[in-house]
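The values are calculated or read from the model by the stated rules, or taken from the named source; none is laboratory data. Just so it is clear, the model here is predicted, and its values are computed rather than measured. Cβ placement follows ideal geometry from the backbone for every residue including glycine, while neighbour counts extend to all protein chains displayed.
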């Protein structure tokens, strides 16, 4: 296995991950391949979300759409954080208007016992094939490919609740009332997700993002006790491959130091906590990703411009990847997304000079 | 107008608000009058939520139910944060399974123009009558009565969205795209809510809580620009009456200093940010309320006990009011709620001695 990251990276995105000076701040968007793009909606008239992920040619095409449409500095693999639950032994369905449904939620020690730790090459080979196809398509271009997986807590919350949740009551009850079953579930998830991300890196993903999207629902003591060790297990395993890892969550203003402790080359911050404060709290030893409010893309151009400037003004010049604080909403105007890419590059075009001073 | 707070308060709850030593930490719960109590459900078979709030005798009875059932140190007026929107000129309905619905949402400057600033005595006199009835019923007992209102942002979000929201997109769009209309709306709300809380204090509420439940959805810069001045306007007006004011929100780990700047005798913190960190950030000049995770009440007794102890261990001994981080969920076991009251009093029974050392 050969990974490209051991040499000094030349890509703008990978240099920012490594906290090296850049010619301009790299930018990409969570859910940049998605419903807001007409060319994505055209593909969705033919295939469901799960069908796209099972057809590497189609998934690769969708992954590349925003690269062409927006001029972003990174592509993110088109997939879903719940894909690994199927080879673990659960039945996953996307119900329109309701989101993901897991038909037999995991609630007991016996339910956990039945779960497999899949082999990503055998069981999620179509995803790895998508990674290879996208890398080939991006050859010779300064656009990095990011792989991803859900973090153990966020994936566990869907498995235990059976779908999206507001209060995460059943998940927290399992933590509190059945700590052995919780430990077994989180251990199986950590092993599954570490192997899956490692396989993505080996297939050619140049960075990976660990999405702990819903972990902000936990108190800091609960995070440390019931989640941190398992996220750490995944992050350590993946960092050993040499690819940078973005560790992301929303509503995590109270968890930033603990998430950093768990690991990650880059910490993803949502729009709530300003990046100057995140930087002051986490120090220079880690890069930051974020953190425009996705709703700012619905604002008048001059307000959007001010908000983009404010994010850049608060961010460190070295070690910053511009992104939203969470995913693009389905009806975001494409022109606004494209305008943000241009603004970020324009407003930071003097960064190399500056860093060399 | 005579308010009792100007003298040194003797009530455990009011002493904690004033950061005076207490014989034990006071405790009450958001939504302590609600569906988890069988005696509340019995009343709801006869009256809808809005009907209860319009009948002072019934509202007073519901307000007092948890005082008898739990032994809490404060009662909170039974009402709803959206009651003032009706006399402002909007039609409010509670739709089962959906929550509050405002039938003609406020979206334009003309919509804002049509809103009235009600006179709480004329338009919300039934709420003030409930305050008087509860105070009379609590005479001679060490149980304080807390009044409340929604904060301008949280009430505005329902008025603009037409009901509960996930992303607050329409609300944020109004801020960004129509700042004059937003300013006019927030000013009318600030005046309405300040007058309403002042009237509650004058009717006998011994403290009031300003619920900015959903303000955590905003970035810190947006909070400072679009919300803080209006919350401050309410808080200043109410603090002038001499009653302590609890300033509460959820998901506000990134906003605590700004919320304190806006005002409040007590800052309410949800379960996410530990109270030792909140205390370190806000200093000794303000009391803290919180912050057990409401889901901890579904945990086994020994886990619940540990969680209660952890909250108390992290809280300051002087100037702490024990509460949940948000409201009691409808199916919380009553025995667990009662057990928390007993634990808080038991674990802190030595506080006076300690404070006198």
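Among the residues of segment A:250-281, which ones are part of a helix (DSSP H, G or I) and more than 12 Å from residue A:228 (Cα to Cα)?
A:275, A:276, A:277, A:278, A:279, A:280, A:281
Counting only residues that are buried (at least 24 other Cβ atoms within 10 Å of the Cβ) and within 23 Å of residue B:77 (Cα to Cα), which one in segment B:215-234 is farthest from the other protein chains (Cβ to nearest Cβ)?
Looking at residues that are buried (at least 24 other Cβ atoms within 10 Å of the Cβ) and within 23 Å of residue B:77 (Cα to Cα), I get B:234.
So, in segment A:318-335, how many residues would count as being more than 15 Å from the chain's Cα centre (by Cα), surrounded by 17 or more Cβ atoms within 10 Å (Cβ to Cβ) and away from chain B (no Cβ under 12 Å)?
So the answer is 3.
For residue A:181, indicate whether it is farther than 28 Å from residue A:97 by Cβ and assigned to a loop (DSSP other than H, G, I, E, B).
no
Just to be sure before I move on: is residue B:210 more than 12 Å from chain A (Cβ to nearest Cβ), assigned to a strand (DSSP E or B) and at pLDDT 95 or above in the structure I sent?
yes
So which residues in segment A:168-182 are more than 10 Å from chain B (Cβ to nearest Cβ) and crowded, with 19+ Cβ neighbours inside 10 Å, if there are any at all?
A:174, A:181, A:182
Please work out which one of (1) closer than 26 Å to residue A:111 by Cβ; (2) touching a residue at least 60 places away in the same chain (Cβ under 8 Å); (3) away from chain B (no Cβ under 13 Å); (4) buried (at least 24 other Cβ atoms within 10 Å of the Cβ) is the condition residue A:197 fails and give its number.
(2)
With away from chain A (no Cβ under 14 Å), closer than 28 Å to residue B:75 by Cβ and touching a strand residue (DSSP E or B) at 6+ places or on another chain (Cβ under 8 Å) as the only criterion, which of B:163, B:150 stands out?
B:150
Quick check on segment A:144-153. Is at least one of its residues out of contact with any helix residue (DSSP H, G or I) (no Cβ under 6 Å at 6 or more places or on another chain) and outside any strand (DSSP E or B)?
no
Restricting the search to segment B:235-244, which residues are surrounded by 23 or more Cβ atoms within 10 Å (Cβ to Cβ) and in a loop (DSSP other than H, G, I, E, B)?
B:243, B:244
Just checking, how many residues over segment B:266-280 are surrounded by fewer than 24 Cβ atoms within 10 Å (Cβ to Cβ) and more than 11 Å from every other protein chain (Cβ to nearest Cβ)?
Number satisfying all stated conditions: 2.
Listed residues B:315, B:299, B:240; which is within 10 Å of chain A (Cβ to nearest Cβ) and out of contact with any strand residue (DSSP E or B) (no Cβ under 6 Å at 6 or more places or on another chain)?
Checking each option against the conditions leaves just B:299.
Read through the list (1) surrounded by fewer than 23 Cβ atoms within 10 Å (Cβ to Cβ); (2) under 21 Å from residue A:116 (Cα atoms), then give the number of the only condition that residue A:192 fails.
Unmet for residue A:192, out of (1) surrounded by fewer than 23 Cβ atoms within 10 Å (Cβ to Cβ); (2) under 21 Å from residue A:116 (Cα atoms): (1).
Looking at segment B:282-315, which of its residues are surrounded by 18 or more Cβ atoms within 10 Å (Cβ to Cβ) and not in a helix (DSSP H, G or I)?
Within segment B:282-315, B:286, B:287, B:288, B:289, B:290, B:291, B:292, B:293, B:299, B:315 meet the criteria.
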